[in-house]
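Chemist: Below is a structure I'd like to ask you about.
The values are calculated or read from the model by the stated rules, or taken from the named source; none is laboratory data. Please read all numbers here as calculations on a predicted model, not as lab measurements. Neighbour counts are summed over all protein chains in view; Cβ atoms, including those assigned to glycine, are modelled from backbone coordinates with ideal geometry. Accessible surface areas use protein heavy atoms only, side chains included; no ligands, DNA or RNA. Shrake-Rupley method; radii C 1.70, N 1.55, O 1.52, S 1.80 Å.
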Amino acid sequence: MSAQKKRNFKIEAFKHRVEVDPKYAEKTWKILEHAIHEIYNHNASGLSFEELYRNAYNMVLHKYGEKLYSGLVTTMTWHLKEIAKSIEAAQGGLFLEELNRKWGDHNKALQMIRDILMYMDRTFVPSNHKTPVHELGLNLWRDNIIHSHKIQTRLLDTLLDLIHRERKGEVINRGLMRNITKMLMDLGSSVYQEDFERPFLEVSASFYSGESQQFIECCDCGDYLKKAERRLNEEMERVSHYLDAKSEAKITSVVEKEMIANHMQRLVHMENSGLVNMLVDDKYEDLSRMYNLFRRVPEGFSTIRDVMTSHLRETGKQLVIDPDRLRDPVDFVQRLLDMKDKHDKIINVAFNNDKTFQNALNSSFEYFINLNNRSPEFISLYVDDKLRKGLKGVTEEDVEVVLDKVMMLFRYLQEKDVFEKYYKQHLAKRLLSGKTVSDDAERSMIVKLKTECGYQFTSKLEGMFTDMRTSQDTMQGFYASQYSEMGDGPTLAVQVLTTGSWPTQPSTPCNLPAEILSVCEKFRAYYLGTHTGRRLTWQTNMGTADIKATFGKGQKHELNVSTYQMCVLMLFNSEDCLSYKEIEQATEIPASDLKRCLQSLACVKGKNVLRKEPMSKDIAEDDAFYFNDKFTSKFIKVKIGTVVAQKESEPEKHETRQRVEEDRKPQIEAAIVRIMKSRRVLDHNSIVTEVTTQLQSRFLPNPVVIKKRIESLIEREFLERDKADRKLYRYLA
Amino acid sequence: MASGSDRVRFNVGGKIFETTATILANAGRQSMLGSLLDEFWDPRQPAGGGEYFIDRNPACFAVLLDLLRTGELHVPPNIPERLLYREALFYGLLDHVRAARWGPFDGNLLRPAASVPGRAPGDGTAIRAGPDGGCCVAHGSMVHVYDWMLEEHRPISLDYQQVNDVGYLEAQSIVVTARERLGRVEGGMGLFSSSTGELRHRFRVAHDDQVKSFTAGALSFSNSDYKIFASCKGRCNEYGIGVWDQNTGLQVDFFYEPTGCLLGDADKLQWLDGSNCLMVATLFPRTDNCFIGLLDLREKSVVWSWSDAGITTSLDDKRVVHAIAMEDGRSVCVVNQYEDLGFMDLRSNAGGVRWSSRSKLMNRKVPDEESCYPKLAAHGGQLFSSLNDGISVFCGPERVLTSTLRGSYGGSICDFSIGGDRLFALHGDENVFDVWETPPSPIF
């Protein structure tokens, strides 16, 4: 190097690397292109994988990756266009098979091409943001085959036609269908959805809309539901066999909408076979099917529930206001219980014990039971009946079941205090006449009422039981103390009843026969001797007596009669004939009771220990009565019942109601005072609402009554009206 | 192949190798050797003496065949690593090589594997380990990217924007947060390709549907529900934590900074999978008062927080300079400028820092002027803490010091990161980073 050159320092131009062979890339690509052709022509056996791999590697290494990639796209596209032609040419039914076969071929070819180009796929593709070979192959298939003008619609039509034929009952090649839908899914979920699923759902919708129209014209509700259920199952099965699992929700919702939701009202109200008929005929299977199908659609449940509720209310209402039913209270309640059982079973068996249905059932019962204001009385009578005789020989568990059912009805009652009144009366009768079958059952019923309504509801009922027990002790004590002096006189059994606990009517005691009176006086002396500061009154209207009577021919009978009857009969110990007036004077029994008592002694066949002149059914003031010495009976003991109305007579009912109203007044007042005491100042409407909620468990207070009570409290200066705002009340402490 | 025998013969660059199809199957279908014997290609013995001819380096083939046979990698000293890697790439066996190159991570078995000198001037900001054994180093406005072979790729250049934090979303994608440049509405956070350094996506922040420019700070990823979190500060006091979707790259949420909680300036974010919360730590010396909080982003509430406001007064007090949530999600580990470790219970709000004397590294020595503040990392139940030019490894429930890693040169460690079964430590003075890995399991 010369010095001059050294001074004129010059940067050499950058020398490009020497190109190995300008045609190198072209040649190599030709080899690879040929290989791709051979692969598509099923002629790959002559190819050397190692050589092809090395060639592809070299192209990428020498920066011909772009050429390799674009060459691949062109070659593959050309082949796919050829394939498209052959698929298009396939005749009729062979179309799908050809498509499926070519799809298999393409996948295999794609795998082999990817093997050759593996190096490109690994290095060139990611760094140049290209689509990887496999994905590229799928995209090209999608664009050139599936979206080819001639194939796209034909494919869709063929698929939809096959499905239609299968719906009509034909057998189709499910395996082929599976392969084709699998192909669509492999091409991406959007291809499956756009090119198949959406049109499939549309066609299905119109198919089922037509079919459901046809079914509903000619089938009854049960059949229709069966068919709808079958169709639904078929579609689910179809999805599991050859569609994408994600389609299931979509296709079932189409079937649900077309076959169920659109015809819901018509199905439910279908004449002779709709929901009401199913309920009436206990068609558990149909009901359960309806429940399961309707569950799938919006408002399905509410539709069933509404119809069931209105049906229940209607039938219940007819039951409770039917005058025929009112004659027999036991049957009336039994029918209510049967109805409840029937529908409970339906809800349990067919409606999956659905809570909302149970609530609907309860509210319906509550609605119609309270339509009849005698329901409390009837329910109490039903219990009375059961506890008197109905439960004889029944196991303890069964007793519990019956009582639980009654409690269920009791819960529906709004006027629980009315029930309490009647229950008290009926219980008193049972206890005093010794008619209760089982003490345990009685107590269990009281415990149930107590848990339901609280202590105060049952305290008086419990008091009655206590009285019965203490009376027994008292009687034992009485006889123990009087043993020596008693002799042969009549035996007296006294039940001492606490005033207030028992539903006693104030009654003037009748004149007792002298024999009895003396014993009574002894007892009074004994009782008042042991308990100071008490007052005893005789409830002669409630007692019973056993008397021995001797009739003509020396026939002896033991007569079981009421206290009044006993008084009357004792008169005939000294006389053979007495007029009505005489009897009335001697006994001082109230006229209505006396008439009833005489009627039972003289007018009942087989028990007529008296004879009446003139012979007639009714008792008149100028009748005369004779001792009937011709009386015969095959029984030694004869029970002479009083003619008592089991059910209350109209005036009695009125009276009870009045008493109930009277009893409610202090309760309402107490509630008002309680509320005002805590709130000090409150407006009228709020008081009414609060009082109602407080008393709801016992009865529904009438707002008018509440208003009257408020006024009464104002008069008694518990409350005052606010001076500025007349609507406000103020509590005066 | 002859029936009954699955022997395969190769002629690689003139040298004959014989092996079995079973061994080649170890290579997998995604490799050249696996595809070669695939049924799609002619399964009959190739022509020319019944051997496959491969025009490649026989010495490397021997190493790779041995790798397929034993699963172990033994490179003779006469084969440069780069040559072996290139051949492995040809056969599609690079992943096999990487898997055999080093063993599963254990802090007590680490050995220095390499020391890579950096080119950038000035202090490094951060080093992050990638999931496949690569790493990236942020310096100023550049991010240098290294793959697991420690080959440097095209760096990510941010055009004079200061890089605040980097993180691997996956092996191929790196998220970079940067300081906002004045006068531009372009945001401070982008997704870059790790192989080419290209910008792939820019993350935006919108307030009231208006795209705003912002400075992004610390980063964290949630791999359970595919979210990216970054501390953000906008120019109009929009401080808080931005949340983006990893798949779409779109902003899905923004947690605005409540008063008393420093979020927008955070030094460290950490997503806790177990409790579905994000830990945010803003620490000394960025702020005078350290704040650590746990955010529930769905409820939009701070479920746990701690601050030393009012506790520390002078500069000599113990200051929390780094914090990490432990892997069980029950406690936060913190470190002060003297490398005392401290713990805080995340399940109670009252505790405060429990400084642990047992794990103290050495007698308290005031670090010299040039040193960096300590950093912490937790991995596989082990706790790592850097001070000066070493990294301490603490093990067990008592956090006992078990190992110290010290590199050869480069000054104190300014950042380190664990990932892809490797530990990378970036030195502050000389721009060198050390790679530590666990050797493959012993033979016996």
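Chemist: If I compute solvent accessible area with a 1.4 Å probe over the protein chains, what percent of it on segment A:304-464 is carbon and sulfur?
Modeler: Carbon and sulfur: 46 percent of the exposed surface of segment A:304-464.
Chemist: How large is the dipole of chain B about the Cα centre if only Lys and Arg carry +1 and Asp and Glu carry -1, each at its Cβ, rounded to the nearest 20 debye? List each step's numbers first, then the result.
Modeler: Numbers: 42 positive and 56 negative charges, 28 e Å.
About 140 debye.
Chemist: Counting only the backbone N, which residues of segment A:211-241 are under 20 Å from the spot 7 Å out from the Cα of A:K168 toward its beta-carbon?
Modeler: A:211-216, A:231-232, A:234-235, A:238
Chemist: Just subtract the alpha-carbon distance of A:T395 and A:D220 from 0.36 nm times their residue separation and send over the number in nm, one decimal.
Modeler: 58.5 nm
Chemist: What nm distance separates the two modelled labels at B:D6 and A:R266, each placed 7 Å from Cα along Cα→Cβ?
Modeler: Roughly 6.6 nm, to one decimal.
Chemist: With a 10 Å radius around each residue's Cβ, average the other Cβ atoms per peptide and rank A:435-444, B:254-263, highest first.
Modeler: Put in order of decreasing packing, that is B:254-263, A:435-444.
Chemist: Calculated from DSSP H runs of 4 or more alone, at -39500 (n - 2.57) each and per residue, what is the 222 nm mean residue ellipticity of chain A, nearest 500?
Modeler: My calculation for chain A gives -20500 deg cm²/dmol from helical runs alone.
Chemist: I would also like to ask the following. Summarise the accessible area of segment A:524-641 (1.4 Å probe, protein heavy atoms) by the percent that is carbon and sulfur. Can you show the working numbers first?
Modeler: Values: 3480 of 6900 Å².
C and S atoms contribute 50 percent here.
Chemist: Taking the solvent-accessible surface of protein heavy atoms with a 1.4 Å probe, what is the per residue accessible area of chain B in Å²?
Modeler: 46
Chemist: Work out how much length A:D683 to A:S310 would gain on full extension: take 0.36 nm times their residue separation and subtract the Cα-Cα distance, in nm to one decimal.
Modeler: Contour length minus Cα-Cα distance gives 130.6 nm.
Chemist: Ok, one more. For Cα pairs less than 8 Å apart in space and 6+ apart in sequence, what is the mean separation divided by the residue count of chain A, i.e. the relative contact order in percent?
Modeler: Relative contact order comes out at 6 percent.
Chemist: Here are some pairs, A:K581/A:K612; A:K617/A:K653; A:K553/A:K634; A:K665/A:K708; which of them have Cα atoms lying more than 18 Å apart in this structure? Don't skip to the end; give the middle numbers.
Modeler: Values: A:K581/A:K612 13 Å; A:K617/A:K653 25 Å; A:K553/A:K634 14 Å; A:K665/A:K708 9 Å.
Checking Cα-Cα distances, A:K617/A:K653 exceed 18 Å.
Chemist: What are the residues whose amide H is under 5 Å from the amide H of B:D165, where those residues sit 5 or more places off or on another chain and H is modelled from the backbone?
Modeler: Here B:T177 satisfy the definition.
Chemist: While we're on this one: Which of the listed residues, A:V437, A:A350, A:L409, is farthest toward the dipole's positive end in segment A:304-464, when Lys, Arg count +1 and Asp, Glu count -1 at the beta-carbon?
Modeler: A:V437
Chemist: With 18 Å as the limit, write out which pairs from A:K429/A:K460; A:K340/A:K389; A:K605/A:K630 have Cα-Cα distances beyond it, or answer none.
Modeler: Those over the limit are A:K340/A:K389.
Chemist: Students often forget the sequence filter, so: which lysines lie under 23 Å Cα-Cα from A:K150 once same-chain residues fewer than 8 apart are removed?
Modeler: Cross-link targets: A:K81, A:K85, A:K102, A:K182.
Chemist: Among B:T20, A:V280, B:S385, which residue has its Cα positioned farthest towards the positive end of the charge dipole of the protein assembly as shown, with +1 placed on the Cβ of Lys and Arg, -1 on the Cβ of Asp and Glu, and the dipole taken about the Cα centre?
Modeler: The Cα lying farthest towards the positive end belongs to A:V280.
Chemist: For segment A:31-69, which residues drop by 50 square angstrom or more in accessible area between the chain on its own and all protein chains together (1.4 Å probe)?
Modeler: A:F49, A:E50, A:Y53, A:R54, A:Y57
Chemist: Less than 18 Å apart at the alpha-carbon level, and either on another chain or at least 8 residues along: which aspartates and glutamates does that give for A:K30?
Modeler: Counting by Cα, and skipping residues close in sequence, A:K30 has these aspartates and glutamates nearby: A:D21, A:E38, A:E50, A:E51, A:E66, A:D115.
Chemist: Something else about it: Show me the ranking of peptides A:255-264, A:290-299 by mean Cβ neighbours inside 10 Å, starting with the highest.
Modeler: Descending packing order for the listed peptides: A:255-264, A:290-299.
Chemist: Which is farthest toward the positive dipole end of chain B among B:C414, B:L250, B:I156, measuring Cα position about the Cα centre, with Cβ charges +1 (Lys, Arg) and -1 (Asp, Glu)?
Modeler: Farthest towards the positive end: B:C414.
Chemist: Once you average over the residues of B:31-40, how many Cβ atoms of partner chains fall within 10 Å of each Cβ?
Modeler: Working: counts 2, 10, 0, 2, 8, 4, 1, 4, 0, 8.
The mean count of partner-chain Cβ atoms within 10 Å per residue comes to 4.
Chemist: Counting only C-alpha contacts under 8 Å and six or more residues apart, can you give the relative contact order of segment A:304-464 as a whole percent?
Modeler: This gives 24 percent for segment A:304-464.
Chemist: Ok, one more. A:T499: net charge of surrounding residues, Cβ under 15 Å, Lys/Arg +1, Asp/Glu -1, itself excluded?
Modeler: Around A:T499, the surrounding residues sum to +3.
Chemist: Moving on. 7 Å from Cα along Cα→Cβ at both B:E72 and A:N348: what's the point-to-point distance in nm?
Modeler: 7.4
Chemist: Which Cys in chain B stand alone, with every other cysteine's Cβ at 4.7 Å or more from theirs?
Modeler: Among the cysteines of chain B, those whose Cβ sits 4.7 Å or more from every other are B:C60, B:C135, B:C136, B:C232, B:C236, B:C261, B:C277, B:C290, B:C333, B:C395.
Chemist: Treat every Asp and Glu Cβ in segment A:24-146 as -1 and every Lys and Arg Cβ as +1, leave all other atoms uncharged, and give the resulting dipole magnitude about the Cα centre to the nearest 20 debye.
Modeler: So the magnitude is around 260 debye.
Chemist: Give me the accessible area buried between chains A and B, both sides summed, with a 1.4 Å probe, in Å² rounded to the nearest 100.
Modeler: That pair hides around 2000 Å² of surface in total.
Chemist: Run through all the Cα pairs of the protein assembly as shown and give the fraction in each 20 Å bin from 0, expressed as whole percent.
Modeler: Spelled out per bin, shortest first, that is 8, 20, 21, 19, 15, 11, 5, 1, 0, 0.
Chemist: Keeping every protein chain present and rolling a 1.4 Å probe, give me the accessible area per residue for chain A in Å².
Modeler: It amounts to 53 Å² per residue over chain A.
Chemist: Below 8 Å, C-alpha to C-alpha, sequence gap of six or more: please give me the relative contact order for chain B in percent.
Modeler: 12
Chemist: Continuing with this model, one more query. Quick one: if you stick a label point 7 Å off each Cα along the C-beta vector at B:R202 and B:F40, how many nm between them?
Modeler: 4.2
Chemist: Return the loop-located GluC sites (Glu not before Pro) in segment A:609-716 (DSSP other than H, G, I, E, B) with at most 13 other Cβ atoms within 10 Å of their own Cβ; answer none if there are none.
Modeler: Working: sites: A:E621, A:E648, A:E652, A:E655, A:E661, A:E662, A:E669, A:E690, A:E711, A:E715; in loops: A:E621, A:E648.
Taking segment A:609-716 and a limit of 13 other Cβ atoms within 10 Å, the loop GluC sites (Glu not before Pro) found are A:E621.
Chemist: How many times 2.2 N^0.38 Å is the alpha carbon radius of gyration of chain B? Write down the numbers at each step before the final one.
Modeler: Numbers: Rg = 25.2 Å, N = 444, 2.2 N^0.38 = 22.3 Å.
With N residues counted in chain B, Rg over 2.2 N^0.38 Å equals 1.13.
Chemist: What FRET efficiency do you get for A:S363 and A:D322 if R0 is 30 Å and r is their Cβ-Cβ distance, rounded to the nearest 0.05?
Modeler: The formula returns an efficiency of 0.90 here.
Chemist: What part of the accessible area of chain B, given as a whole %, is carbon or sulfur when the probe is 1.4 angstrom? Could you put the intermediate results ahead of the total?
Modeler: On the way: 9770 of 20260 Å².
After summing per-atom areas, the C and S share lands at 48 percent.
Chemist: When we measure straight from the Cα of A:K595, which aspartates and glutamates land under 20 angstrom away, once same-chain ones fewer than 8 places off are left out?
Modeler: A:E575, A:D576, A:E582, A:E584, A:E613, A:D618, A:E621, A:D622, A:D623, A:E648, A:E650, A:E652
Chemist: Placing unit charges on C-beta atoms (Lys and Arg positive, Asp and Glu negative, everything else neutral), compute the dipole magnitude of segment A:304-464 about its Cα centre in debye, rounded to 20. Write out the running numbers ahead of the final one.
Modeler: Details: 27 positive and 27 negative charges, 65 e Å.
Its charge dipole is roughly 320 debye.
Chemist: Something else now. So how much slack lies between A:T153 and A:K637, counting 0.36 nm per residue of separation and subtracting their Cα-Cα distance, in nm?
Modeler: Length difference between fully extended and current span is 164.1 nm.
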